[in-house]
1. So what's Rg/Rh here for the stretch 126-230, counting alpha carbon atoms and using the Kirkwood radius for Rh?
2. In whole angstrom, note down how far apart the Cα centers of the stretch 389-436 and the stretch 182-257 are.
3. Calculate, for K132 and F369, the FRET efficiency according to 1/(1 + (r/R0)^6) with r their C-beta to C-beta distance and R0 30 Å; round to the nearest 0.05.
4. Let me have the relative contact order for the stretch 379-436, percent, based on Cα pairs under 8 Å that are six or more residues apart.
5. State, to one decimal in nm, how far the label point of E383 lies from the label point of H201, with both points 7 Å from Cα in the Cβ direction.
6. From largest to smallest, what semi-axes in whole angstrom does the stretch 108-317 give when each is the square root of 5 times an eigenvalue of its alpha carbon gyration tensor?
7. Checking the table K204/K379; K264/K370; K204/K286; K95/K300; K195/K264 against a 22 Å threshold on Cα-Cα, which pairs fail?
8. Can you list the aspartates and glutamates whose alpha carbon is less than 17 Å from that of K308, not counting same-chain residues fewer than 8 positions off?
Amino acid sequence: MGKIFHLVSLKHLLLVSIALNVSLILRVINISEKKILHSSSALVSKNNLHLSSSSSLTSFANARIEAQDGEERVINLDHGDPTMYEKYWQQEGDKTTIVIPGWQSLSYFSDVSNICWFLEPEFAKEVVRLHKVVGNAIAENRHIVVGTGSTQLFQAALYALSPQDALEPISVVSAAPYYSSYPSITDCLKSGLYKWAGDAHSFKKEGPYIELVTSPNNPDGFVRQSVVNRSEGILVHDLAYYWPQYTSISFPADHDLMLFTVSKSTGHAGMRIGWAIVKDTEVAKKMTKYIELNTIGVSKDSQLRAAKVLKVVSNSCESSSSEGENFFEFSHNQLATRWELLRLAVQKSGQFSVPEFAPQFCTFLSRDFKPQPAFAWLKCEQEEVNDCESFLRSKKMLTRSGKHFGFSPKYVRISMLDRDQNYNLFVERLSNIISS
C-alpha cells in the first residue's frame, strides 16, 4: 500500500512539474514574440522615414502604417492616389453597381467594325457623352482608343507617332517641370523608335520630335501650350486634369491626339482605364496595334464598370436630373477647401510658397475661379534648405522632389487628393513649421 501511495505521489509531482515547465516555456515564448513584434514595428516606422520620391507603390502602402509607441505618424502625399473621391461615391450608394454574369465578356472582341476592336460600345458612348456635357473636348466623329490607364496609351502614342524607318530614335521632350514618369516610361523599353530628350525649353536638335503637352500641368497646375513649335514637331496633349474640379473649362479641346483617364476625372484609379481621342485614322490603327501586341486588348469588365461611372457623372451634371449632387460641383468644393487650408498653412509658417493663379471663367460651372490643381507645387523658401523633400521627410512628411520633374530640389510636389485625415494632418503639421 505504501509503495502504491509513493508511486502515485511521484506521478502527481511529475505531472505538476511538467505543467509548470510548459507554462514557463509558453510565457517565455509570448514575451519573445512581443519583443520581436515591437522591434519589427519600430523598424517599419524607421524605414518609412527613408522612402525616396521614386519609391514603389508597395513602399507607398507600407508608409501609411502608423508609427508605434506614440511616435508621429508618417504622412505620405507623394503619389496622387485619388482617395479624396471616396466620400462622393460612398454617398452615391449602389448607383454605379453592375452585375456581370459568368458567361459575359468571354470573347477577346468587342466591336469588330471598330478600329479599336476591343473598345466596348457602351464605354465609347459614355466617353462621348461626358465630354459633350462638360464641354472640355470634342469626341464626336473622332476615333476613341481605350487603354489600361493613360500610361499604356502614352506608350501606344509614342509607338504610333515614331517613324518606323528612321536612322535614329525620334526625340521625346516636354517642358520642365514635366510629369516625373515621362522619362522612365519613354526609356523603359529602350526602344529603337524613340527616346527621352529632356526639357523642351532647351531642345535644339534639328529634325522630327514628339512634344508632350500636359495641360493643366503636372506638377505645377498651369495651363500649357507647346514650347518648341517647329514644323517637324508632333504633339501629344495629356489632358488628364482638364476637368472643372481642377481648372476652368474655357473651350472644348480639339487637338490631334488627346489623353484622358478615369483616375483623375472620377477618382477610379484602380479600374486602370484611360482613353485617347484621335483624329488620324492611321495613328488610331497603330495605337490599337500596340495595345494588341502589349495586352491583347483591355479588360471588358473594367470598361463596363467605367461606362456606368461615367453615366452617373453625366446624369448628375444635367440640371433636370434627380441623380444626386453634381459630381464636379462636389469635387470642386472639396479641392477649394483644401487649397484654402494649404494657403493658410503656408502663410502661417512663412517658410514656403505655392503658385498663384489668375481666375478664369469656366463655361461648365458658369463662374470665375482660380485653378485648384490636383497637386501643389510647394517651394521651400529658407536659404539653408536646398533639398525640400529631405527637409519635409525629417518632419515625417513624404513628398516628391522637384529634381524628378527636371527642376530645382527646392520644390516638391504634394498630392491634394488623399483622404481628409491624411491631408488635414499634413496641413496642420506644415503650418507649425517655423524658422529654426
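Values quoted throughout were computed directly from the atomic coordinates according to the rules given, and no laboratory measurement underlies them. A quick note: this is a predicted structure, and the numbers were derived from the prediction, not measured. Cβ sites come from the backbone with ideal geometry, for glycine too, and all protein chains shown count toward neighbours.
1. Answer for the stretch 126-230: 0.99.
2. Each part's Cα centre sits 26 Å from the other's.
3. Efficiency computed from Cβ-Cβ geometry: 0.85.
4. 27 percent
5. The modelled label-to-label distance comes out at 2.4 nm.
6. 27, 21, 14
7. K204/K379; K204/K286; K195/K264
8. Within the straight-line cut-off, K308 pairs with E86, E92, D94, E120, E122, E126, E318, E323, E325.
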